[in-house]
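Before any comments, here is the structure.
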There are 2 protein chains.
Amino acid sequence: MNILWVLAHPDERSLNGSLRDSAITALADAGHTVEQSDLYRMAWNPVVTGEDYAHDPDERLQVATASSTALRTGTLAEEIVVEQEKLRRADAVVLQFPLWWFSMPAIMKGWIDRVFVEGFGYGIRRDTGGTRRYGDGLMAGTRAMIVTSMGGSEHTVSPRGINGSLDELLFPIQHGFLWYTGMSVLPPVLVPSADRIGPDEYEHAEKTLHDRLASLFTDDPIPFRHQHGGEYDEKFVLRPEYGAGDSGVRVHRRVAPVRG
Amino acid sequence: MNILWVLAHPDERSLNGSLRDSAITALADAGHTVEQSDLYRMAWNPVVTGEDYAHDPDERLQVATASSTALRTGTLAEEIVVEQEKLRRADAVVLQFPLWWFSMPAIMKGWIDRVFVEGFGYGIRRDTGGTRRYGDGLMAGTRAMIVTSMGGSEHTVSPRGINGSLDELLFPIQHGFLWYTGMSVLPPVLVPSADRIGPDEYEHAEKTLHDRLASLFTDDPIPFRHQHGGEYDEKFVLRPEYGAGDSGVRVHRRVAPVRG
């Protein structure tokens, strides 16, 4: 299979750099093809501007319109097109980053902001006028997984941990980006207490990551709800018979997470 | 009062640009002082690198250590120091951005990543070795509010809307950044259906924003839990007697949100 590995870390000598190198070797040994977007090494520019879309600066910039026009007319910035081609070839996408402020570093957010223009990954359906997203996105058939490290302990992102439960912290990325564009999202790999990691903990993290990669194409994805599965009403609000009367981001997965 | 207004939008002729101009005029008319960080106009660089910390590139970069050392020794990049000084002067901070992928544009994420180094906004306590954060952060006494626009309708970010409830989507920012650094967080101002806004809807959005700004210093903030309020145990997990047996990001506010 073809795997796109996207890394956002400023130093390749870091824990994240070591885990990336180890993972890529293991994937190649297992017969996979690996492509990379090492965003710091590429000096990726994370800032959306009209220049990406050959936009006339005298005209007001509406990002969705300008970007979808540029995609359609083949005038998107070349570096965006290169990333889109990598994504089209990918059977799975791994996003690896240290958790900064409970989200991804800006350089990776800007990879998403710039590469996933309207019409790439999601877009307007010509037949119904609706938006292709949430299971119906254009990346359907591609698997996705987050690999992230954090300084704090695993307790702090447990279901009642002070930083918030990891699944819900990652909801904007896992549901709002990966599932939105149609990717099947596997549970994340977390490397906690990363600032104080010793050889034993490193070996444990490496083994966990290798195990998860070995089942990358067989593990069950998170069962997020499909926008056309009949569970949402015409305003895209979850119908009362689903989600057990609950609310919040967790109602958008079919199986309720374990409480407590 | 002194208000720092941070805007992330690539075009000042946008809805967000118009609302910003209108808000700033209203604040000035009310006798406030307004400082701005218009990140696109400043051509803000959102990418954390060792250069921010005068870091020796031959040494492995550990961001937390390098950044806190640079803060302490006065070797932080000048553009970071300028933003920190604006923040020190601020009685309130407004973050205004279009919701891109259910989060902020990369340019603003990188303003947070670069400006809030360890020791600014949060940091290690010399007395206990604990971390000053979550109500105990160094920005305590400062108010904060998000102003954000989205293309989708308000229904889609309602408590059971397909995109996820707005409060929980914004939890990584409102709790994980603003409250982490000690700021008192006011409920966000949302401008929905922003791609199809007409004169009446604009007037409504402008009035809502002005009303919220008029009570910026008197509205009740979101009642997030203080890390030293006795509600968390020694592992920073919410004690069983709080949060009504519930889990997820919403247990970290003292008053449960309305369900349904």
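Bear in mind that the values in this text are calculations on the coordinates, not laboratory data. Quick caveat: nothing in here was measured; it's all calculated off a predicted structure. Methodologically, a virtual Cβ is constructed for each residue, glycine included, from the backbone with ideal geometry; neighbour enumeration extends over all protein chains shown.
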Total residues in the stretch B:23-34, condition buried (at least 17 other Cβ atoms within 10 Å of the Cβ) and not hydrophobic (A, V, I, L, M, F, W, C)
1
For residue B:217, only one of the following conditions fails: (1) more than 14 Å from chain A (Cβ to nearest Cβ); (2) of a type in the set (A, V, I, L, M, F, W, C); (3) assigned to a helix (DSSP H, G or I). What is its number?
(3)
Considering only the stretch B:197-227, state which residues are loosely packed, with under 13 Cβ neighbours inside 10 Å and either of a type in the set (Asp, Glu) or touching a residue at least 12 places away in the same chain (Cβ under 8 Å) (or both).
B:200, B:203, B:211, B:220, B:223
Which residue is nearest to residue B:87 (Cα to Cα), if the candidates are limited to the stretch B:129-146 and must be touching a Phe, Trp or Tyr at 6+ places or on another chain (Cβ under 9 Å) and among the hydrophobic types (A, V, I, L, M, F, W, C)?
B:139
Only one of B:17, B:74 is surrounded by fewer than 22 Cβ atoms within 10 Å (Cβ to Cβ) and more than 10 Å from every other protein chain (Cβ to nearest Cβ). Can you tell me which?
B:74
By residue number, the members of the stretch B:161-216 that are within 23 Å of residue B:31 (Cα to Cα) and of a type in the set (Ser, Thr, Tyr) are B:184, B:208, B:215
For the stretch A:220-254, enumerate the residues that are more than 9 Å from chain B (Cβ to nearest Cβ), under 16 Å from residue A:174 (Cα atoms) and in a loop (DSSP other than H, G, I, E, B).
A:220, A:221, A:222, A:223, A:226, A:254
Of all residues in the stretch B:2-22, which are over 15 Å from residue B:149 (Cα atoms) and in a helix (DSSP H, G or I)?
B:21, B:22
Is the stretch A:159-172 home to any residue that is in contact with a His (Cβ under 7 Å, 6 or more places away or on another chain), buried (at least 22 other Cβ atoms within 10 Å of the Cβ) and under 30 Å from residue A:135 (Cβ atoms)?
yes
So the check is Cβ under 8 Å with 6+ separation or different chains; which pairs have a first residue in the stretch B:45-69 that's within 10 Å of chain A (Cβ to nearest Cβ) and closer than 27 Å to residue A:49 by Cβ and a second one that's part of a loop (DSSP other than H, G, I, E, B) and of a type in the set (Phe, Trp, Tyr)?
B:47/A:40; B:49/A:40
Does residue A:147 qualify as being β-branched (Val, Ile, Thr), surrounded by 18 or more Cβ atoms within 10 Å (Cβ to Cβ) and over 17 Å from the mean Cα position of the chain (by Cα)?
no
